[in-house]
Amino acid sequence: NVGSSGGSTQANTVQSTTANGALYCQTGSSNNKACNTSQPDPSPLAFPISASNITDWKDEAAAGGTINGNYNASGTINLGPTKINGNFTASNNAHITITGTVWVTGTVSFSNNVTVTLNSGYGANSGIIIADGAVTLSNNVSFSGSGTTGSYIMMLATSTCPTSCS
């Protein structure tokens with residue numbers, strides 16, 4: 001699920017995407033154009049984030065405290081740094097302000113007009129949410145940095161889904 005693409009789009013499977021340029025894929029549905037299957041799947045790139053980076057971020061989150069059990073965010077909340085031992089869900093206009101690294105040992109599921117923003121204290125720095133399970137985003141979920149140019153939120157999933165899901 002890409003959303004929209006300004007240039008060409010290339011992936012094995014592309015769904016619900018508006019591509020302004022060429023759309024190369026083997027399987028597609030609900031796109032603004034049919035898949036051009038003349039190109040093979042793109043070659044995998046080396047992951048630019050090391051296992052050590054991920055461990056450091058998880059340690060940073062855990063140092064802020066642990067929420068045991070599934071966590072359902074609603075309304076307006078501040079969250080982080082924290083480790084969530086379970087799943088993290090938010091829906092129906094929830095607004096989540098990230099105040100530190102968040103590590104979720106389960107899945108993340110955000111839907112229906114959820115906004116996720118970095119606390120303004122991040123300045124030009126960026127923040128991260130790590131999920132050990134799958135991440136599902138649907139129906140107008142938006143992410144934004146702190147309000148300072150160059151600030152972003154990275155959502156990182158360490159899951160191997162759909163290859164091997166439990």
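Against the longest principal axis of the chain, how steep is helix 51-63, in degrees 0 to 90 to the nearest 10, with axes from Cα atoms?
Rounded to the nearest ten degrees, it is 40.
Quick one: what do you get for segment 36-87 if you divide its Cα Rg by 2.2 N^0.38 Å? Intermediate results must be reported in sequence, preceding the final value.
Details: Rg = 17.7 Å, N = 52, 2.2 N^0.38 = 9.9 Å.
Segment 36-87 yields a ratio of 1.79.
In debye to the nearest 20, how big a dipole does the chain give about its Cα centre with +1 on each Lys and Arg Cβ and -1 on each Asp and Glu Cβ?
Here the size comes out at about 260 debye.
Please compute the net charge surrounding Leu156, taking Lys and Arg as +1 and Asp and Glu as -1 over other residues with Cβ under 15 Å from its Cβ.
-2
Would you calculate, for the chain, the mean residue ellipticity at 222 nm contributed by helices, counting each DSSP H stretch of 4 or more residues as -39,500 (n - 2.57) and dividing by all residues, to the nearest 500?
On the way: 1 runs with 13 residues, N = 166.
Value at 222 nm, helices only: -2500 deg cm²/dmol.
Roll a 1.4 Å probe over the protein heavy atoms and report the accessible area of Ile67 in Å², nearest 10.
Accessible surface of Ile67 is approximately 50 Å².
Over all alpha-carbon pairs in segment 78-165, figure out the percentage whose distance exceeds 15 Å.
Roughly 57 percent, rounded to a whole number.
The values are calculated or read from the model by the stated rules, or taken from the named source; none is laboratory data. This structure is a prediction, so every number in the text was calculated from the model and none was measured. We place every Cβ from the backbone using ideal geometry, glycine too, and count neighbours over all the protein chains shown. SASA here: full protein model, heavy atoms, side chains in, ligands and nucleic acids out. Shrake-Rupley method; radii C 1.70, N 1.55, O 1.52, S 1.80 Å.
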